[in-house]
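Enquirer: Sharing a structure, written as structure tokens. Questions coming.
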Amino acid sequence: MKKTAVKTVGILTAGGDAPGLNAAIRGVCRSGMINYGMKFVGIRNGYRGLVEGDCFQIKAGDVAGILTRGGTILGTARDKPFKNPVPDADTGLLPIEAIKKNYKKWKMDALVVLGGNGTNT
């Protein structure tokens with residue numbers, strides 16, 4: 001197994017649903033798990049899940065058999081937390097503050113964001 005400083009990786013899909021998202025999720029997770037011993041945190045429903053902390057640890061079995069399934073096992077949303085940020089009514093946190101909090105809570109070292117131009121901007 002190869003060495004890496006990155007131990008835990010968050011992964012999310014955002015924007016419009018598109019073919020190949022499950023294949024990309026599977027490829028990233030399997031490669032990281034097998035070659036580097038990485039752990040993966042699945043973030044449900046795009047950036048919304050990262051803001052709300054709607055995450056789970058992805059196990060090898062979670063990505064088995066998804067290669068030919070359409071859509072995304074993580075779900076997606078078109079939320080834009082960096083554009084016109086509004087504080088959460090309950091916590092008072094801005095989206096970026098909530099994202100940082102959840103990133104640390106789940107002990108992520110890196111984040112893989114799958115989507116189109118808007119998602120990656």
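Enquirer: How many residues, within segment 81-118, are surrounded by 12 or more Cβ atoms within 10 Å (Cβ to Cβ) and of a type in the set (Val, Ile, Thr)?
Expert: 4
Rundown of residues vs (1) touching a residue at least 40 places away in the same chain (Cβ under 8 Å); (2) more than 18 Å from residue 9 (Cβ to Cβ), yes/no style:
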{"position": "50", "(1), (2)": "yes, no"}
{"position": "53", "(1), (2)": "yes, no"}
{"position": "71", "(1), (2)": "yes, yes"}
{"position": "86", "(1), (2)": "no, yes"}
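Enquirer: For segment 24-112, list the helices (runs of 4 or more DSSP H) that sit wholly inside it and hold at least 1 residues that are in contact with a Ser or Thr (Cβ under 9 Å, 6 or more places away or on another chain); which are they?
Expert: In segment 24-112, the matching helices (runs of 4 or more DSSP H) lie at 46-52, 95-105.
Enquirer: As an exercise: evaluate residue 83 against (1) over 15 Å from the mean Cα position of the chain (by Cα); (2) under 20 Å from residue 22 (Cα atoms) and give the number of the one condition it does not meet.
Expert: Failed condition: (2).
Enquirer: From the list 49, 20, which residue is at positive phi and either within 12 Å of the chain's Cα centre (by Cα) or not hydroxyl-bearing (Ser, Thr, Tyr) (or both)?
Expert: Only one candidate passes the filter, namely 20.
Readers should treat all values here as calculations from the given coordinates under stated rules, not as data from a laboratory. Just so it is clear, the model here is predicted, and its values are computed rather than measured. So basically every Cβ, Gly included, is an ideal-geometry build from the backbone, and we count neighbours across all protein chains shown.
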